[in-house]
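**Student:** Below you will find the structure I want to go over with you.
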């Protein structure tokens, strides 16, 4: 049986490109923060760092995220990235939008994320999914939305707790050699994995 394999230099190059993209986006947010530090006080820079529990049909797993952006009154917009370990390990890169409610220091908030899920499968995950299509895995969709509560511990810092629903996809392409076992021709095709999960997150806003 023939399998399509990526060479180690090619895998390292792809991971390096993903890290560079994430780094450039986060650098852009940092530069925006530097520019807005001279703007009216109503614009505030925040860094949100969370860890989360993911629960779905494939069981439970963890994720961590960092989001950096600007808040104006009750609205917040930023860029986020992290590591998602659920079923197939990946790196989500996304836009985050939040809205707070209430007039007290502690507030209810809602959030929504949309972006790209870059695959970063472990060797074991690749081996378990290469019999049909080889090693050709591709990026997919990432979304997350939910409701939370912030407990402020200072002028700008707060503990965050949230409950939501997240969805990610992973695409795989290549040649299916299983028909060869039954004297049939190989089939070129695509496979798509869709994963919905309930997310429970906690973290710190600075």
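Bear in mind these aren't lab numbers, they're just calculated from the coordinates by the rules spelled out. Note that the coordinates shown come from a computational prediction; the quantities given were computed from them, not determined experimentally. Heads up, the Cβs are rebuilt from the backbone with ideal geometry, glycines too, and the neighbour counts pull from every protein chain shown.
**Student:** So, R0 is 25 Å and r is the distance between the beta-carbons of residue 74 and residue 139; what FRET efficiency does that work out to, to 0.05? Display every interim value, and only then the final one.
**Tutor:** On the way: r = 33 Å, r/R0 = 1.32.
Efficiency for this residue pair is about 0.15.
**Student:** Calculate the spin-label point distance for residue 157 paired with residue 122, positioning each point 7 Å from the Cα along the beta-carbon direction, and give it in nanometres.
**Tutor:** Between residue 122 and residue 157, the label points sit 3.4 nm apart.
**Student:** Please arrange 48, 198 by how many other C-beta atoms lie within 10 Å of their C-beta, fewest to most. It would help to have the intermediate numbers written out before the result.
**Tutor:** Working: 48 23, 198 14.
Exposure proxy ranking, most exposed first: 198, 48.
**Student:** Going 7 Å from the Cα of residue 53 toward and past its Cβ, which residues in the stretch 70-112 have a backbone nitrogen under 17 Å from where you end up?
**Tutor:** Taking a point 7 Å out along Cα→Cβ of residue 53, the residues of the stretch 70-112 whose backbone N falls under 17 Å are 85-87.
**Student:** Can I ask one more? Note down the nm distance, to one decimal, between modelled labels 7 Å out along Cα→Cβ at residue 64 and at residue 200.
**Tutor:** 2.0 nm
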